[in-house]
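Asks: Sharing a structure here in structure tokens format.
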Amino acid sequence: MTFTVRFGRMNDLEDIASEDQSVLKNILNWKLQNQEILLAEENNEIIGYLRIEYLWSKYPYIGLIIVRPEYRKQGIGKTLLEYLEDHLRKQGIKTLYSSSQVNEAEPQKWHRHMGFKECGIINGINPGDIGEVFFLKSI
């Protein structure tokens, strides 16, 4: 399989907004303008997505990383992560944060496989009082 990774562009907004409904469209627009959305594409079709957030406007955090189910376990998430890490390193950033709900074993396994280390939990932050486990990675 051949795919490419790139920063999202303004003409991607409608496609992104239909996939990521957890963020308001005007926020997605701002993120596109500020290189805070990465896309993996195959044949001009979006197959993977990574949204960057900044904790306290300072610490980069993966707000969402998702790969379409039929494309999983083919290195797309890893490539999105590596692209982001390279971008952050060029800015002098040395750490990256991420998280997963405490009841999501597979995403937690992926984080650990990618070199993230658990660094804390916030209990009851998600619907249904489900906690969130946080991860940190030196890059």
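Asks: Could you grab me the full set of residues in segment 3-17 that are in a helix (DSSP H, G or I) and either small (Gly, Ala, Ser) or over 13 Å from Ile46 (Cβ atoms) (or both)?
Replies: If the condition is that a residue be in a helix (DSSP H, G or I) and either small (Gly, Ala, Ser) or over 13 Å from Ile46 (Cβ atoms) (or both), then Met10, Ala17 are the ones that fit.
Asks: Select, from Ile139, Ile65, the only residue that is among the aliphatic types (A, V, I, L, M), touching a strand residue (DSSP E or B) at 6+ places or on another chain (Cβ under 6 Å) and either under 23 Å from Asp20 (Cβ atoms) or surrounded by fewer than 13 Cβ atoms within 10 Å (Cβ to Cβ) (or both).
Replies: After applying the criteria, what remains is Ile65.
Asks: Of all residues in segment 18-50, count the ones that are open to solvent by less than 20 Å² (accessible area, probe 1.4 Å) and part of a helix (DSSP H, G or I).
Replies: Qualifying residue count, segment 18-50: 3.
Asks: Check Gly128, Gly92, Gly124 and return the single one that is open to solvent by 70 Å² or more (accessible area, probe 1.4 Å), at positive phi and either small (Gly, Ala, Ser) or in a strand (DSSP E or B) (or both).
Replies: So the residue among Gly128, Gly92, Gly124 that is open to solvent by 70 Å² or more (accessible area, probe 1.4 Å), at positive phi and either small (Gly, Ala, Ser) or in a strand (DSSP E or B) (or both) is Gly128.
Asks: Same structure, new question: Within segment 125-136, track down each residue that is in contact with a strand residue (DSSP E or B) (Cβ under 6 Å, 6 or more places away or on another chain) and without any contact (Cβ under 8 Å) to a residue 40 or more places away in the chain. Don't jump to the end; show me each part of the working.
Replies: Going through segment 125-136, the residues in contact with a strand residue (DSSP E or B) (Cβ under 6 Å, 6 or more places away or on another chain) turn out to be 125-126, 130-136.
Within segment 125-136, Ile125, Asn126, Ile130, Gly131, Glu132, Val133, Phe134, Phe135 meet the criteria.
The values are calculated or read from the model by the stated rules, or taken from the named source; none is laboratory data. Worth saying up front: this structure is predicted, and the values here are computed from it rather than measured. No Cβ is skipped: glycine too gets one built from the backbone with ideal geometry, and neighbour counts run over all protein chains shown. In case anyone asks, the SASA skips ligands and DNA or RNA and just uses the protein heavy atoms, side chains included. Shrake-Rupley method; radii C 1.70, N 1.55, O 1.52, S 1.80 Å.
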